1. Given points 7 Å out from each Cα along the Cα-Cβ axis, report the Ser65 to Met109 separation in nanometres with one decimal.
2. With point charges of +1 on the Cβ of Lys and Arg and -1 on the Cβ of Asp and Glu, referenced to the Cα centre of the range 126-220, which listed residue (His145, Asn193, Leu213) lies farthest in the positive direction of the dipole?
3. Relative contact order of the range 156-211: what whole-number percent is it, with Cα pairs under 8 angstrom and at least 6 residues apart?
4. So how much slack lies between Glu270 and Ser391, counting 0.36 nm per residue of separation and subtracting their Cα-Cα distance, in nm?
5. What is the Cα centroid distance between the range 472-511 and the range 378-418, reported in whole angstrom?
6. Taking the Cβ of His119 as the centre, find all other residues whose Cβ is under 12 Å away and add up their charges (Lys, Arg: +1; Asp, Glu: -1).
7. Please give the FRET efficiency for Lys464 paired with Leu283, using the beta carbon to beta carbon distance and R0 = 45 Å, rounded to the nearest 0.05.
8. Please work out the Cα center distance from the range 217-272 to the range 120-165, rounded to the nearest Å.
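The values are calculated or read from the model by the stated rules, or taken from the named source; none is laboratory data. Given the structure is predicted, the values throughout are model-derived calculations rather than measurements. Don't worry about glycine lacking a Cβ; one is built from the backbone with ideal geometry, like all the others, and counts go over all protein chains shown. All accessible areas refer to the heavy atoms of the entire protein, side chains included, with ligands and DNA or RNA removed. Shrake-Rupley method; radii C 1.70, N 1.55, O 1.52, S 1.80 Å.
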Amino acid sequence: MATPTYRKKNLTVLWFLTVIFLSCIIDQNNLCSNYPSVSTKISTHSGPSMIPSSLKQLSLDGYLSTKNIGHAANDFGNIYHHLPSAVLHPKSVSDISSIIKHVFGMGPMSELTVAARGHAHSLQGQAQANQGVVINMESLHQEMHFQTGESPYVDVSGGELWINILHESLKHGLAPKSWTDYLHLTVGGTLSNAGVSGQAFRHGPQINNVYQLEVVTGKGELITCSEKQNADLFNGVLGGLGQFGIITRARISLEPAPLMVKWIKVLYSEFSTFTKDQEHLILSEDAFDYLEGFVIINRTGLLNNWRSSFNPKDPVQASQFQSDGKTLFCLEIAKYFNPDEANRANQSTLFLSEVSYVNFLDRVHIAELKLREKGLWEIPHPWLNLLIPRSRIHEFAKMVFGKILTDTSAGPILIYPANKSKWNNRTSMITPDEDIFYLVSFLSSAMPSSTGKDGLAHILTQNKRILEFCETARLGVKQYLPHHITQEAWRNHFGPQWEIFVKRKSTYDPLAILAPGQKIFQKGRAIS
């Protein structure tokens, strides 16, 4: 298939493009990490240790459970399973503060640790606490408070789901500016990482759209922080992988919400054209509101794999497109609008779908429901998510899409650029040191017991080859929701920011009580 003939030097209008799109059996969310080994062994603790009786005697509004705790050893990755000693179901922020303050008071000789668990969408056991205490943040019910008018915002619980925030905000004609692709995630979890989707090129990630946080530190202290108040903690917690405190409340920036979305797909056969168009669009003012890209390798019957929520106007002509051994690239773009506005988008686009704003944002949940019916949701997800500098993306693509990967049958591959000027460099989030970098996500699903290409061992081997290439070629790649097993690897990940990260850890969680599943620091060892 030739490069689309419609492309001109200045890409001023994209509403007239011929469109095609592939959606594989699994859709994406943005809590991705990588796997350093190819072992398929699942790490499981044989059973919970005895929880200190003093912890049981704490006066709590909620309750501490030591029974039926197996669910706290599971997550979306479904690879690692570490049993805690107990699960806290808090009814108030003071419950969380009391538990952490008590564990802190037990001193460095105690091995007890604490992990906050949201909607269990970590991939490598990051929200687990082996023999420790897992805090079920969804139990922390707090009423949402809205501020309308100029500079609107909403105050929400750290355990609130983004899908609930969307529905409540829309009652006020408002909505958050930046999203993740999957909305059934908790606020604290996404803000502890970054929270990235197709809106990030305009508004930055979710951590750029927060005014204020309420945080319980590793000492059990409840602190309100913002850019003007306790700014070091505020910036540290955002993208801080849960290392400095547990987010119990967040003040999130809002904007007027549209009613509808024009949703467009564009197919490319040349990677250079695909990337040039993406980069042009993220630098264009008010062109689109959402932009993501996908890689399609050696697939047939593309039409049959489209998301059910995307219904092009002319599916008959769309059926002619097959990949059949080729590598194709799909650009997905969207423009928000209201029906009473003048329709600039024209009627000549061959494959344009118009959907409601809610259906567009919650599109991945539709796939989830279908996959759950088939028993294909709660399976291993060995996802790999990388940030690639713009100057090296073609070198990366040539090797990975041309030699390492042979198909995309195990799940979608996302690839789209971000503008670093939209990212707050004061947070703990680490990105490549270039003005533009690409998010590349390998969202694989492994079939249980399979020893073939769709099996866990094969996918982990591919992930390992990709990481080894990035390291050998010195591409300057960073991981999104990074996963490393040695402190030296973590030091390399943070680079010049490592000393700041360590200083914040020693200030806010000096005993390394919080988020042990990240494997950055270990309780009982000096923080260095």
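1. For Ser65 paired with Met109, the spin-label model returns 3.4 nm.
2. The listed residue farthest towards the positive side: Asn193.
3. In percent, rounded to a whole number, it is 34.
4. 41.8 nm
5. First find each Cα centre; the distance between them is then 22 Å.
6. Around His119, the charge tally is -3.
7. About 0.80, to the nearest 0.05.
8. A separation of 12 Å, based on Cα centres.
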